[in-house]
Amino acid sequence: MAVRDLIFYPNPKLRQATAPVTVFDESLATLATDLLDTLRDQQGLGITAPHIGVLSRITVIELSAEDGPRTYVNPDIIWSSDETRQQDEGSLSMPGVIDALDRPARVRVRYQTITGDTREEAAEGLLATCLQHEIDQLDGLFWIFRLSALKRERIVKRYEKLKRRAAP
């Protein structure tokens with residue numbers, strides 16, 4: 001369909017909770033396709049509607065071409081393990097910077113498909129991390145706010161420096 005323009009940190013839409021999707025129609029299917037096209041264009045692992053400035057509760061994750069894309073509408077974590085794992089994280093809306101976060105190693109997610117069917121899915125490893133990261137974004141929690149204040153400040157300074165270097 002279309003590659004959409006991303007919004008970038010510190011755009012306030014990245015810190016706003018999204019509205020649940022209530023209409024499962026062609027426009028939702030188009031949004032999901034546009035998210036996938038944008039994700040692939042940016043060579044990321046996951047994207048949410050807020051990354052393109054749309055405050056709807058939908059995310060698309062594609063860890064590999066072999067696994068293919070997964071679309072989650074209105075996802076919520078309904079269980080998470082006590083065991084954690086550390087993973088480097090970043091955002092399409094803050095390119096060029098990453099940092100390690102600890103998150104539960106396994107989760108169970110309840111979500112809807114783009115046709116409105118309710119499903120549950122267990123995830124572990126990288127998929128579990130991606131789901132938690134993207135659901136945080138849908139809840140208005142941008143990933144850097146899971147870091148300590150000191151680490152967050154360093155990340156923001158690094159990002160601002162990268163933006164200045166890239167400016168014409």
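The values are calculated or read from the model by the stated rules, or taken from the named source; none is laboratory data. These numbers come from a predicted model, not from an experiment. When we count neighbours, we look across all protein chains shown, and the Cβ atoms used for this are built from the backbone with ideal geometry, even at glycine. Please note that ligands, DNA and RNA were not included when accessible areas were found on the heavy atoms of the full protein model with its side chains. Shrake-Rupley method; radii C 1.70, N 1.55, O 1.52, S 1.80 Å.
Would you point out which residue out of Ala19, Ala32 is exposed (fewer than 14 other Cβ atoms within 10 Å of the Cβ) and touching a Ser or Thr at 6+ places or on another chain (Cβ under 8 Å)?
Criteria check complete, one pass: Ala19.
Considering only residues of region 141-156 that are of a type outside the set (D, E, K, R) and open to solvent by 10 Å² or more (accessible area, probe 1.4 Å), which is nearest to His51 (Cα to Cα)?
If we take residues in region 141-156 being of a type outside the set (D, E, K, R) and open to solvent by 10 Å² or more (accessible area, probe 1.4 Å), then Leu141 is nearest to His51 (Cα to Cα).
Of all residues in region 62-75, how many are of a type in the set (Asp, Glu) and loosely packed, with under 14 Cβ neighbours inside 10 Å?
Count: 2.
Go through Tyr159, Tyr111 for me and flag whichever is on the phi < 0 side of the Ramachandran plot, surrounded by 12 or more Cβ atoms within 10 Å (Cβ to Cβ), in a helix (DSSP H, G or I) and among the aromatic types (Phe, Trp, Tyr).
Tyr159
Only one of these conditions is not met by Ser27: (1) open to solvent by 10 Å² or more (accessible area, probe 1.4 Å); (2) under 12 Å from the mean Cα position of the chain (by Cα). Which number is it?
(2)
Give the residues of region 5-62 that are at positive phi and among the polar types (S, T, N, Q), sorted by residue number.
The one that is at positive phi and among the polar types (S, T, N, Q): Gln43.
Does Ser91 satisfy the criteria of being in contact (Cβ under 8 Å) with a residue 40 or more places away in the chain, of a type outside the set (Val, Ile, Thr), closer than 21 Å to Arg15 by Cβ and open to solvent by 10 Å² or more (accessible area, probe 1.4 Å)?
yes
Can you tell which of Ala100, Ala105 is within 24 Å of Lys161 (Cβ to Cβ), without any contact (Cβ under 8 Å) to a residue 40 or more places away in the chain, open to solvent by less than 50 Å² (accessible area, probe 1.4 Å) and of a type in the set (Gly, Ala, Ser)?
Only one candidate qualifies: Ala100.
Checking the conditions here, which among Ala65, Ala100 is outside any loop (DSSP other than H, G, I, E, B) and either of a type in the set (A, V, I, L, M) or in contact with a Lys or Arg (Cβ under 7 Å, 6 or more places away or on another chain) (or both)?
Within the list Ala65, Ala100, the selection yields Ala100.
Output the number of residues of region 76-88 satisfying the condition of being open to solvent by less than 70 Å² (accessible area, probe 1.4 Å) and closer than 25 Å to Asp25 by Cα.
Adding up the residues that qualify gives 1.
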